[in-house]
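Structure first, then comments.
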Amino acid sequence: MTPSAQKPEPEGRVADAVRGNWVDRLAPEATRPYLRLSRADRPIGTWLLLLPCWWGLALAAAVDGWRPADLWIAAGCALGAWLMRGAGCTWNDITDREFDASVARTRSRPIPSGQVTVRQAVVWMVAQTVLAGMILLTFGPVAILLGISSLGIVAVYPFAKRFTWWPQAVLGLAFNWGVIVAWSAHTGTWPGLPAWLLYAAGIAWTLFYDTIYAHQDKEDDVLIGVKSTARLFGAETGKWLARFLVAAVSLMAVAVLLALAPTAQVLRLVVGLAAAWALGWHLYWQVSRLDIDDPESCLALFRKNRDGGLLAALFLAVAGFL
């Protein structure tokens, strides 16, 4: 098909959104700018926020078995992840609107492109946060307190790249807090050491995938003065990714050992440990194919982290049924 015969791009489409996504094709036109603010046209971020929640829930259930209430916790985490990812991205776009206007990949976002005003974005952010809060209120007092406590990290994250070379670590602190919340939603108690180790494994995972993601923008980041681990590591990125891989796998394995060894269920423990192995295998597969100077390759590999996270969640969930 010649370029002239191709279908025209949907009005307002964001440059790094998947072509033919449901927002561009199916959503009512008036809602599209707001859904784009929430990254509904780029669902990978919702997955990366949700999967640690499912890790925490599944590991907690592997200790003492699945319960009927866990169905709602799993579903509530999914809805909450969609809403809070949307609220967080909206907040990020509000604070980064001047930076976004200077970067080729982001200048088509709703605020710098003029699809949404800052005031409209603020209202949309508050609405999403309130709805997510209503879901959180169904999770029990400990989980509620833990969920509320994450808001400070979420608020700080968009500014991290202005003052630290490690904004990916701040993102990891925010994106993996769901491990702690979901664990406590299941147990009704404060999280123990296995939950915190699983949380730390998620942070290492985030450092891995978001460093890959940040390599897309490193040239623009130099021009506008934005910091990232991609710029910090440079040609040494592969070595650092290997370290994050080892950290993520090791921390997850120790979390599983501490949680499941006391149950004296060998098969359950083996299947739980397979979660760490599956995640590690997938991260190694990514490193073996990474070209940090190919933005399209970096984006494609970043999106593949959904599959690695799902594999780990699946093994942990199965362990709870044994």
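Apart from one condition, W166 fits all of (1) out of contact with any Ser or Thr (no Cβ under 7 Å at 6 or more places or on another chain); (2) farther than 30 Å from A261 by Cα; (3) surrounded by fewer than 20 Cβ atoms within 10 Å (Cβ to Cβ); the exception is (1).
Among the residues of the range 10-64, count how many are among the β-branched types (V, I, T), part of a loop (DSSP other than H, G, I, E, B) and more than 18 Å from R109 (Cβ to Cβ). Please lay out each step first, then the result.
Within the range 10-64, the first condition is being among the β-branched types (V, I, T), and the residues that meet it are 14, 18, 23, 31, 44, 46, 63.
With the extra rule that they be part of a loop (DSSP other than H, G, I, E, B), the set shrinks to 14, 18.
Of the ones still in play, those that are also more than 18 Å from R109 (Cβ to Cβ) are none.
So the count comes out to 0.
Within the range 283-322, the set of residues being hydrophobic (A, V, I, L, M, F, W, C), farther than 20 Å from P194 by Cβ and not in a helix (DSSP H, G or I) comprises L290, I292. Within the set V154, V179, the sole residue that is within 14 Å of the chain's Cα centre (by Cα) and at pLDDT below 95 turns out to be V154. Every listed requirement among (1) free of Cβ contacts under 8 Å to residues at least 40 places away in the same chain; (2) in contact with a helix residue (DSSP H, G or I) (Cβ under 6 Å, 6 or more places away or on another chain); (3) buried (at least 16 other Cβ atoms within 10 Å of the Cβ) is met by S297 save one, (2). Within the range 245-252, does at least one residue satisfy the condition of being under 14 Å from A60 (Cα atoms) and modelled with pLDDT under 95? No; the residues of the range 245-252 include none that is under 14 Å from A60 (Cα atoms) and modelled with pLDDT under 95.
Taking the conditions exactly as written (under 23 Å from L301 (Cβ atoms) and aliphatic (A, V, I, L, M)), does A87 satisfy them or not? No, not satisfied. Each residue in the range 245-272 was checked for being on the phi > 0 side of the Ramachandran plot and in a helix (DSSP H, G or I), and 0 pass. Look at (1) more than 20 Å from the chain's Cα centre (by Cα); (2) in contact (Cβ under 8 Å) with a residue 12 or more places away in the chain and you find that Y199 fails only one, number (1).
The values are calculated or read from the model by the stated rules, or taken from the named source; none is laboratory data. Note that the coordinates shown come from a computational prediction; the quantities given were computed from them, not determined experimentally. Note that each Cβ is placed from the backbone with ideal geometry, even for glycine, and that neighbours are counted across all protein chains shown.
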